[in-house]
Every structure is written in C-alpha cells, then in structure tokens.
1. Among the residues that make up the range 25-48, is at least one of them touching a Leu at 6+ places or on another chain (Cβ under 8 Å) and aliphatic (A, V, I, L, M)?
2. Can Gly35 be described as touching a residue at least 40 places away in the same chain (Cβ under 8 Å) and either surrounded by 13 or more Cβ atoms within 10 Å (Cβ to Cβ) or among the hydroxyl-bearing types (Ser, Thr, Tyr) (or both)?
3. Among the candidates Gly36, Gly82, Gly16, Gly51, which residue alone is touching a Ser or Thr at 6+ places or on another chain (Cβ under 8 Å) and at positive phi?
4. Out of the range 29-55, which residues are outside any strand (DSSP E or B) and polar (S, T, N, Q)?
5. Assess whether Ile61 counts as being loosely packed, with under 15 Cβ neighbours inside 10 Å, closer than 25 Å to Gly6 by Cβ and either in contact with a Ser or Thr (Cβ under 9 Å, 6 or more places away or on another chain) or in contact (Cβ under 8 Å) with a residue 24 or more places away in the chain (or both).
6. Picking from Ala56, Ala14, which residue would you name as being of a type in the set (A, V, I, L, M, F, W, C) and either out of contact with any strand residue (DSSP E or B) (no Cβ under 6 Å at 6 or more places or on another chain) or surrounded by 17 or more Cβ atoms within 10 Å (Cβ to Cβ) (or both)?
Amino acid sequence: MLKIKGADRIGEVAIGTNYGITQFTKSMLFDEKMGGTIHMALGASIPESGGLNKSAIHWDIVKDMKKEGEIYADNQLFYKNGKFLIK
C-alpha cells in the first residue's frame, strides 16, 4: 500500500461529535461521525477543507474512545472516555 504515492501521509484527522449515532453502522460516512470516536484517513486529503495531499486512496480508520480514550494538546487533557472536558 505504501508504494502508492501519497498513501504514507495522513489525509484527515477528526473527532466524531454526533452522539445521536449510538452504534457502528458499517457505513463509514456515519461511523466516522459517531460521538465518542476519532478517525483518521491515510492517503488523499479533502481539498474543500484545505487538504493538499493527493493519492489514489483515502483509507478511513475509526477508533472508539469511550473506554479509557484520552486526547491531549499542549500537555492538557481535553477529551476523555469519548467526551470533551472543555467547559
């Protein structure tokens, strides 16, 4: 896969915020938006959002963060167990 030009770059990273989606649907367009998840894509980025990476692939990967998931920025915990801590 990494022999495909641009496939070795991250094309997208996001945090799912739609808590109305309560279980995985096997449809990436819904699953990547489910509240309590994060997702990233390897390969092509989305030009409409300012992405510049071009590739023949865009491979989405979703991670459920509801059990022991944590995200830090500048050593500050801001997301834990699928919820934002910012008030």
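1. no
2. So Gly35 passes the test.
3. It is Gly82.
4. Ser45, Ser49, Asn53, Ser55
5. no
6. Of the residues listed, the single one that is of a type in the set (A, V, I, L, M, F, W, C) and either out of contact with any strand residue (DSSP E or B) (no Cβ under 6 Å at 6 or more places or on another chain) or surrounded by 17 or more Cβ atoms within 10 Å (Cβ to Cβ) (or both) is Ala56.
We did not get these values from a lab; they are worked out from the coordinates using the rules stated. Remember, it's a predicted structure, so these values are computed and weren't measured experimentally. No Cβ is skipped: glycine too gets one built from the backbone with ideal geometry, and neighbour counts run over all protein chains shown.
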